[in-house]
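Throughout, read-outs are computed from the coordinates displayed, never taken from laboratory work. Because the structure is a prediction, the values reported are computed rather than measured.
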Amino acid sequence: MIKISSLTKKFGSKTAVNALDLHIKEGEFFCFLGPNGAGKTTTIKMLTGLMLPTEGEAWIGGHSVKTEPIQTKKLIGYIPDHPFLYEKLTGQEFMHFVAGLYEMNDPNLQPKIDDLLEMFEISKVGNQLIENYSHGMRQKLSFASCFLHDPKVVIVDEPWVGLDPKNIRRVKDFLKEKTVSEGLTVLMSTHTLSIAEEIADRIGIINLGNLLHVGTVPEIMALEESSDTLEDVFLELTQGDDAE
């Protein structure tokens, strides 16, 4: 569902992402791990069409991100770490705005919006201006709007910022259930290694723009036999190379 080939992004003399190759199959929950500045967000921005690659190519559902941007965006739901929302709209108005972007003419649109707002526990503030939302409420609205057009691929960049433990559990279970029951493909960048260890089908570790290792949790754990947790393995593999 996601295919990345020699994807590279340079900013002047700095290489943020270096010849990245990665395949993520339909229905897979893939977690992207790396220190700050490792290239995770840059990769995500290239996949979502927010940033053009310097070299290489990426495909979503068989469509080129570079030459078929409209087709790829129809397949993608994107949740950034700091969502941009129009503060002078209410939550309900923002959901209708997103529906308009995707040219949704579903006669059941309003019930669908209501269900999503209820699912993410923000229905009670649906008619309030977004400027009055807490960061956690904004994040939940971002999740609700992401699933409005039934995306086949969801790309999530550090989604837990501002969410309390209850809502982290709710979102985590919701995403995992979608991959199992509907074949949703999830690419998630996160620093929360315990969650990645719990829900990822495969993990990729990136550092200094280079993809170091890809595998299941047991396969990644086997790289450092003396380590007891994924956090231990991650720190061992990236020690001394933090890009910050």
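Please state the relative contact order of the chain as a whole percent: Cα pairs under 8 Å, 6+ residues apart?
28 percent
For residue 70 and residue 225 in one chain, what is 0.36 nm times their gap in residues minus the Cα-Cα distance, to one decimal in nm? It would help to have the intermediate numbers written out before the result.
Values: separation 155, 0.36 × 155 = 55.80 nm, distance 4.54 nm.
Extra length available between residue 70 and residue 225 comes to 51.3 nm.
Let me know the whole percent of all Cα-Cα pairs from the stretch 181-229 that are separated by more than 14 Å.
Tail of P(r) above 14 Å: 58 percent of Cα pairs.
With N residues in the stretch 151-207, what two-decimal value do you get for its Cα radius of gyration over 2.2 N^0.38 Å?
Normalised by 2.2 N^0.38 Å, the Cα Rg of the stretch 151-207 equals 1.09.
What percentages make up the Cα-Cα pair-distance distribution of the chain when the bins are 5 Å wide from 0?
In order of increasing distance, the bins hold 1, 6, 13, 17, 19, 16, 13, 8, 4, 2, 0, 0 percent.
Which of the three applies to the stretch 1-41, rounded, prolate or oblate, going by the alpha-carbon gyration tensor with a ≥ b ≥ c and a/c under 1.5 meaning rounded?
Because a/c hits 1.5 or more and a/b fails to exceed b/c, the stretch 1-41 counts as oblate.
Rg/Rh for the stretch 39-108: what does it come to with C-alpha atoms and Rh from Kirkwood?
Rg divided by Rh gives 1.03.
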